[in-house]
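*Asks:* The structure under discussion is supplied below as structure tokens; questions concerning it will follow.
The values are calculated or read from the model by the stated rules, or taken from the named source; none is laboratory data. Every value quoted in this text rests on a predicted model; they were computed, and no experiment measured them. Positions of Cβ are generated from backbone atoms using ideal geometry, with glycine treated the same way; all protein chains shown enter the neighbour counts.
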Amino acid sequence: MTPEEMEALKRARRGRNVALGLLLLGLIVLFYAITIVKFGHH
Amino acid sequence: MESVQTLSSPSEWRDYYALTKPRVMSLVVFTGLCGLLAAPGHINPVLGFTAVLCIALGAGGAGALNQWWEADLDARMKRTAKRPLPLGRMPRANARDFGVALSVASVLIMDVAVNTISAVILAISILYYAIVYTIWLKPRTPQNIVIGGGAGAFPPLIGWIAVTGHITWMPVLLFAIIFMWTPPHFWALALFVQSDYAKAGVPMMPVVKGQAVTRRQILAYAVVLFLVSLAPWWAGGTGAIYGIAALVLSGLFVALCLPVAVRRAGEGDRMKPEKRLFGYSVLYLFALFTALVADRLILGPGLVA
């Protein structure tokens, strides 16, 4: 693997990790909001 | 610089995004949201958002499973050859796992946050698209698009039921509208990308039954669509705003199908009426569902109940 390919691989992996991190963060916020709403009703 | 390769550059998040068929999803989100907004009753905005999100996630999962199954087929058609799997941007199994994960998550979240019946129908719609349509019927029958249209017809039904919690004739009519809309919408496209489907061996209507039959069926479905789109008004489920909008929009739809139905295209035909019909068909669905929501928000439930 050339240094350029290595760099591309790292960049792509970093991008995927950031996207996954944001997705998980979004789910945390969503579940928090759902929980608040559900408890508010009962 | 580089020719076709089996191992391409490493997959990026955009490749996974592309697996979800974002352009199809925009229509799914829109019709799902419209079903939700047009339904009688109220839903907490957070839960309403969650319902639409789950519909979108489910559609994305089904889209990824579709691309996982059809990777070889997609590689043979110009329109789909640039999808992540034909380009070799990720292992094929990753698309399958991604699709399963999105699908399962969407159904579970829908069940927890909204209601069980919406989750069940969402699960049915995903299985219907990924298995009944993609794996079973698309490679076997020229009516494949009619059956596939059923999958696209679920979102407004699910959106509506997320609010009401039970199935009534109104959401079923919304289902029927998209069901009848899909064949003329897609066959118009299939008429001008005909050679591609023939090459890939998919039994699309124009390939198997020929142009004449396809064109006749486009018109037939458009006429049925005309009647079905007016049914909510006739049955008293909506007010005049929707009724008049449906009359005008569906009338124009049939009018644009007429030249397509009577024409015969030879070699090198520019296919203008077909392209115009396809372009209008997308606008039609957005406009019709916007009218449905406007009708509900302006005239309110009191006038139509």
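*Asks:* Tell me which residues, restricted to segment B:96-106, are within 12 Å of B:Trp68 (Cα to Cα) and away from chain A (no Cβ under 14 Å). Break it down into steps so the answer makes sense when it comes.
*Replies:* Looking only at segment B:96-106, we keep the residues that are within 12 Å of B:Trp68 (Cα to Cα), and these are B:96-100.
Within segment B:96-106, B:Arg96, B:Gly99, B:Val100 qualify.
*Asks:* Only one residue in B:Arg83, B:Arg14 is among the charged types (D, E, K, R), farther than 24 Å from B:Thr164 by Cβ and free of Cβ contacts under 8 Å to residues at least 40 places away in the same chain, so which one is that?
*Replies:* Among B:Arg83, B:Arg14, only B:Arg14 is among the charged types (D, E, K, R), farther than 24 Å from B:Thr164 by Cβ and free of Cβ contacts under 8 Å to residues at least 40 places away in the same chain.
*Asks:* So B:Ala51 ticks every box in (1) more than 14 Å from chain A (Cβ to nearest Cβ); (2) within 18 Å of B:Ile178 (Cβ to Cβ) but one. Which box is left unticked?
*Replies:* Exception for B:Ala51: condition (1).
*Asks:* For B:Ala240, only one of the following conditions fails: (1) surrounded by fewer than 21 Cβ atoms within 10 Å (Cβ to Cβ); (2) within 20 Å of B:Pro184 (Cα to Cα). What is its number?
*Replies:* Only one criterion in (1) surrounded by fewer than 21 Cβ atoms within 10 Å (Cβ to Cβ); (2) within 20 Å of B:Pro184 (Cα to Cα) is unmet by B:Ala240, namely (2).
*Asks:* Let me ask something else about it. Hey, can you tell me all the residues within segment B:107-127 that are in contact with a Leu (Cβ under 7 Å, 6 or more places away or on another chain) and within 12 Å of another protein chain (Cβ to nearest Cβ)?
*Replies:* B:Met110, B:Ala113, B:Val114
*Asks:* With respect to A:Val18, is the statement that it is closer than 17 Å to B:Asp15 by Cβ, of a type in the set (Val, Ile, Thr) and facing chain B (nearest Cβ under 8 Å) true?
*Replies:* On the way: closer than 17 Å to B:Asp15 by Cβ: yes; of a type in the set (Val, Ile, Thr): yes; facing chain B (nearest Cβ under 8 Å): yes.
Against the criterion (closer than 17 Å to B:Asp15 by Cβ, of a type in the set (Val, Ile, Thr) and facing chain B (nearest Cβ under 8 Å)), A:Val18 qualifies.
*Asks:* Determine whether A:Leu9 is free of Cβ contacts under 8 Å to residues at least 40 places away in the same chain and more than 9 Å from chain B (Cβ to nearest Cβ). Break it down stepwise before answering.
*Replies:* On the way: free of Cβ contacts under 8 Å to residues at least 40 places away in the same chain: yes; more than 9 Å from chain B (Cβ to nearest Cβ): no.
For A:Leu9, the condition - free of Cβ contacts under 8 Å to residues at least 40 places away in the same chain and more than 9 Å from chain B (Cβ to nearest Cβ) - is not met.
*Asks:* Kindly indicate whether B:Gly41 is part of a loop (DSSP other than H, G, I, E, B), surrounded by fewer than 23 Cβ atoms within 10 Å (Cβ to Cβ), in contact with a Gly (Cβ under 9 Å, 6 or more places away or on another chain) and in the same structural domain as B:Pro155 (by TED's automatic domain parsing).
*Replies:* So B:Gly41 passes the test.
*Asks:* Please tell me if B:Leu73 is within 19 Å of B:Leu292 (Cβ to Cβ), in contact (Cβ under 8 Å) with a residue 12 or more places away in the chain, away from every other protein chain (no Cβ under 14 Å) and part of a helix (DSSP H, G or I). If you could, list the steps in order and put the result at the bottom.
*Replies:* Numbers: within 19 Å of B:Leu292 (Cβ to Cβ): no; in contact (Cβ under 8 Å) with a residue 12 or more places away in the chain: yes; away from every other protein chain (no Cβ under 14 Å): yes; part of a helix (DSSP H, G or I): yes.
It is false that B:Leu73 is within 19 Å of B:Leu292 (Cβ to Cβ), in contact (Cβ under 8 Å) with a residue 12 or more places away in the chain, away from every other protein chain (no Cβ under 14 Å) and part of a helix (DSSP H, G or I).
*Asks:* Now for a separate question. Does segment B:260-274 hold any residues that are exposed (fewer than 15 other Cβ atoms within 10 Å of the Cβ) and touching a helix residue (DSSP H, G or I) at 6+ places or on another chain (Cβ under 8 Å), and which are they?
*Replies:* B:Val262, B:Arg264
*Asks:* Provide a single number: the residues in segment A:21-39 that are facing chain B (nearest Cβ under 9 Å) and of a type in the set (A, V, I, L, M, F, W, C).
*Replies:* Within segment A:21-39, residues that are facing chain B (nearest Cβ under 9 Å) and of a type in the set (A, V, I, L, M, F, W, C) number 7.
*Asks:* While we're here: Closer than 23 Å to B:Ala176 by Cβ, in contact (Cβ under 8 Å) with a residue 40 or more places away in the chain and part of a helix (DSSP H, G or I): is that true of B:Tyr280 in this structure?
*Replies:* So B:Tyr280 fails the test.
*Asks:* Also, I was wondering about something else. Suppose the filter is outside the structural domain of B:Leu73 (by TED's automatic domain parsing), touching a helix residue (DSSP H, G or I) at 6+ places or on another chain (Cβ under 9 Å), surrounded by fewer than 17 Cβ atoms within 10 Å (Cβ to Cβ) and of a type in the set (A, V, I, L, M); does B:Ala235 pass it?
*Replies:* Taking the combined requirement at face value, the residue satisfies it.
*Asks:* Does B:Leu65 fit the bill of being away from chain A (no Cβ under 14 Å), buried (at least 21 other Cβ atoms within 10 Å of the Cβ) and either modelled with pLDDT under 95 or not in a helix (DSSP H, G or I) (or both)? Full working, then the answer.
*Replies:* Working: away from chain A (no Cβ under 14 Å): yes; buried (at least 21 other Cβ atoms within 10 Å of the Cβ): yes; either modelled with pLDDT under 95 or not in a helix (DSSP H, G or I) (or both): no.
No.
*Asks:* Take the residues in segment B:275-292 that are aliphatic (A, V, I, L, M) and buried (at least 17 other Cβ atoms within 10 Å of the Cβ); name whichever of them is farthest from B:Ser229 (Cα to Cα).
*Replies:* B:Leu277
*Asks:* B:Ser26 is checked against (1) at pLDDT 95 or above; (2) of a type in the set (Gly, Ala, Ser); (3) within 25 Å of B:Pro84 (Cβ to Cβ) and fails just one. What number does that condition carry?
*Replies:* (1)
*Asks:* What number of residues in segment B:77-91 are surrounded by fewer than 17 Cβ atoms within 10 Å (Cβ to Cβ) and in contact with an Asp or Glu (Cβ under 8 Å, 6 or more places away or on another chain)?
*Replies:* Count: 3.
*Asks:* Here's another thing I want to ask about it. For the condition modelled with pLDDT under 90, in a helix (DSSP H, G or I) and of a type outside the set (Asp, Glu), what is the one hit in A:Leu9, A:Leu23?
*Replies:* Answer to the selection: A:Leu9.
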